[in-house]
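**Student:** My questions all concern the structure below.
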Amino acid sequence: MSPLRNVAALLYLIVAVPLLRAQQITTRDVAPINDVANPYRTVDGWAKLSDGRMWGSTSAVDIDKDGRSIWVAERCGANSCAGSKLPPMLKFDASGGLLTSFGAGMMISPHGLHVDRDGNVWVTDCACTGRAAADVSAPMGHQIFKFSPQGKLLLTLGTAGGGKGTAFFFQPNDVLVAPNGDIFVVEGHSSAAGSNARLLKFDKSGKLLKTWGQPGTGPTDMDQPHALAMDSRGRLFVGDRGNNRIQIYTQDGALLDTWYQFSRPSGMWIDKDDVLYVADSESGSVNPAHGGWTRGIRIGKIKDGVVTAFIPDPTVKPPSTSSAEGIAVDAAGHIYGAEVGAKALRRYEKK
């Protein structure tokens, strides 16, 4: 090959191949990624509840600031805490022993969970699983609570019973606190007509600064924005579940990129090395329109967006949500999947 052809080939590798890869990632027509290796083994029954309590549905899990302890918000042995006297907020040590619990009688459907840099615990109550008919005397749900690690209520965002438009929230799905204290919330758990779908930004005191997004399928529209994560560069990753994609924004709402290769995101986690973990609980038989994709957890580095590992859902054809919805990764690299359909918290360890 001539020197000029060598140069041309090199330029193609430098310029064209990355562009082709980017086009494959940002198109809705990306081929399903189901066949990459699974380097993890599953550990069932890892976390131990007390006094004979049984696991209910859970989508809310995060890691304590110590990097080892695990926080979970569990729906009181069922798929709703309405009318229950059980505390939904649970903290486990690294061996699965229960350390503390609190929050009884405060929420209906704990859904998203975030531990900030000071160790405070934030939880969203999406109120998306109904409430007991015998307990309708007072408005409840659609709020966000900030607790101290000991369970003291420090801040409440939103109005009990919910609101739309200039009011908030209605079915808040997830919450994330930026290093500077700004608070980000995604809301809208339904794709039905009249549902909302947006991202809200607050300052650290809870003052609303900005909102963006609206229901739809356009580039900056959203449909069930279900999860939030932030990378080391401060970019916001939004799990736009109803549109089977991840949107990447600046903290002021400018759209930077859109990824489809991680399938239908219910939960997301980004570790200190900018490795992205995405839980898909609704593909396949649960959502035939996205049927070519297998449910499970996809893993890849943010720097290139390539999926390098996949933990598949062992249940082949469930009728409803299956595998992890919420996801978190501790400092040792153990993955925790919070499951709504299976009513479980599973741990995944490297083989």
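The values are calculated or read from the model by the stated rules, or taken from the named source; none is laboratory data. Quick caveat, the model's predicted, so the values are computed rather than measured. Every residue, glycine among them, receives a Cβ derived from its backbone with ideal geometry; neighbour counts consider all protein chains shown.
So that you can scan it fast, the table gives a plain yes or no per residue for (1) farther than 22 Å from Ile33 by Cβ; (2) among the β-branched types (Val, Ile, Thr); (3) surrounded by 23 or more Cβ atoms within 10 Å (Cβ to Cβ):
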site: Val306; (1), (2), (3): no, yes, no
site: Ala309; (1), (2), (3): no, no, no
site: Pro312; (1), (2), (3): no, no, no
site: Lys317; (1), (2), (3): no, no, no
site: Thr321; (1), (2), (3): no, yes, no
site: Asp330; (1), (2), (3): yes, no, no
site: Leu345; (1), (2), (3): yes, no, yes
site: Glu349; (1), (2), (3): yes, no, no
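**Student:** Identify the residue in region 61-76 that is farther than 16 Å from Cys128 by Cα and of a type outside the set (A, V, I, L, M) and, among all such residues, is surrounded by the most Cβ atoms within 10 Å (Cβ to Cβ). Full working, then the answer.
**Tutor:** Taking region 61-76 and keeping what is farther than 16 Å from Cys128 by Cα, we get 61-72.
Among the residues that remain, those that are also of a type outside the set (A, V, I, L, M) are: 62, 64-69, 71.
Details: Asp62: 24, Asp64: 21, Lys65: 14, Asp66: 13, Gly67: 12, Arg68: 15, Ser69: 20, Trp71: 26.
Checking each candidate, the answer is Trp71.
For every residue, the table says whether it meets (1) touching a residue at least 24 places away in the same chain (Cβ under 8 Å); (2) among the β-branched types (Val, Ile, Thr); (3) under 20 Å from Gly267 (Cβ atoms).
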residue	(1), (2), (3)
Asp64	yes, no, yes
Ala73	yes, no, yes
Ala78	no, no, no
Ser95	no, no, no
Thr100	yes, yes, no
Ile108	yes, yes, yes
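**Student:** Let me ask something else. Just checking, how many residues over region 288-325 are at positive phi and either assigned to a loop (DSSP other than H, G, I, E, B) or polar (S, T, N, Q) (or both)?
**Tutor:** Of the residues in that region, 2 qualify.
**Student:** Same structure, new question: Collect the residues in region 77-101 that are buried (at least 24 other Cβ atoms within 10 Å of the Cβ) and more than 19 Å from Arg117 (Cα to Cα), keeping them in residue-number order.
**Tutor:** Correct list: Cys81, Pro88.
**Student:** Spot the failing condition for Leu200; the list is (1) within 23 Å of Ile246 (Cα to Cα); (2) over 21 Å from the mean Cα position of the chain (by Cα), and only one is missed.
**Tutor:** It is condition (2) that Leu200 fails.
**Student:** So Ala160 clears everything in (1) closer than 16 Å to Thr58 by Cα; (2) touching a strand residue (DSSP E or B) at 6+ places or on another chain (Cβ under 9 Å) except one condition, right? Which one?
**Tutor:** Going through (1) closer than 16 Å to Thr58 by Cα; (2) touching a strand residue (DSSP E or B) at 6+ places or on another chain (Cβ under 9 Å) one by one, Ala160 breaks only (1).
**Student:** Within region 164-196, count every residue that is under 15 Å from the mean Cα position of the chain (by Cα) and not acidic (Asp, Glu). Please lay out each step first, then the result.
**Tutor:** Step one: filter region 164-196 for residues under 15 Å from the mean Cα position of the chain (by Cα), giving 171-177, 184-189.
Cutting the leftovers down to not acidic (Asp, Glu) gives us 171-173, 175-177, 184-186, 188-189.
Here the count works out to 11.
**Student:** Same structure again: Enumerate the strands (runs of 3 or more DSSP E) found wholly within region 217-278, keeping only those where 1 or more residues are at pLDDT 95 or above and touching a helix residue (DSSP H, G or I) at 6+ places or on another chain (Cβ under 8 Å). Give the derivation first.
**Tutor:** Values: elements: 225-230, 236-240, 245-249, 255-259, 267-270.
Because the criterion is at least 1 residues that are at pLDDT 95 or above and touching a helix residue (DSSP H, G or I) at 6+ places or on another chain (Cβ under 8 Å), the strands (runs of 3 or more DSSP E) in region 217-278 that meet it are 225-230, 255-259.
**Student:** Which of the residues spanning region 196-232 are out of contact with any strand residue (DSSP E or B) (no Cβ under 9 Å at 6 or more places or on another chain) and not basic (Lys, Arg)? Show your work before the answer.
**Tutor:** Of region 196-232, the ones out of contact with any strand residue (DSSP E or B) (no Cβ under 9 Å at 6 or more places or on another chain) are 207, 217-218.
Once the filter is applied, which keeps residues that are out of contact with any strand residue (DSSP E or B) (no Cβ under 9 Å at 6 or more places or on another chain) and not basic (Lys, Arg), region 196-232 yields Thr217, Gly218.
**Student:** Among the residues of region 150-162, is there at least one that is among the hydrophobic types (A, V, I, L, M, F, W, C), over 15 Å from Trp122 (Cα atoms), over 15 Å from the mean Cα position of the chain (by Cα) and exposed (fewer than 13 other Cβ atoms within 10 Å of the Cβ)? Don't jump to the end; show me each part of the working.
**Tutor:** We begin by selecting, within region 150-162, every residue among the hydrophobic types (A, V, I, L, M, F, W, C); these are 153-155, 157, 160.
Filter once more, keeping what is over 15 Å from Trp122 (Cα atoms): 160.
Filter once more, keeping what is over 15 Å from the mean Cα position of the chain (by Cα): 160.
Those still in the list that are exposed (fewer than 13 other Cβ atoms within 10 Å of the Cβ) too: none.
Checked region 150-162: no residue is among the hydrophobic types (A, V, I, L, M, F, W, C), over 15 Å from Trp122 (Cα atoms), over 15 Å from the mean Cα position of the chain (by Cα) and exposed (fewer than 13 other Cβ atoms within 10 Å of the Cβ).
**Student:** Kindly evaluate Gly253 against the criterion of being on the phi > 0 side of the Ramachandran plot, small (Gly, Ala, Ser) and surrounded by fewer than 23 Cβ atoms within 10 Å (Cβ to Cβ).
**Tutor:** Working: on the phi > 0 side of the Ramachandran plot: yes; small (Gly, Ala, Ser): yes; surrounded by fewer than 23 Cβ atoms within 10 Å (Cβ to Cβ): yes.
Yes: the conditions hold for Gly253.
**Student:** Here is a further query. Report every pair of residues separated by at least 6 positions or lying on different chains whose Cβ atoms are under 6 Å apart, first residue within region 194-222 and on the phi > 0 side of the Ramachandran plot and in the same structural domain as Asp182 (by TED's automatic domain parsing), second assigned to a loop (DSSP other than H, G, I, E, B) and modelled with pLDDT under 95.
**Tutor:** none
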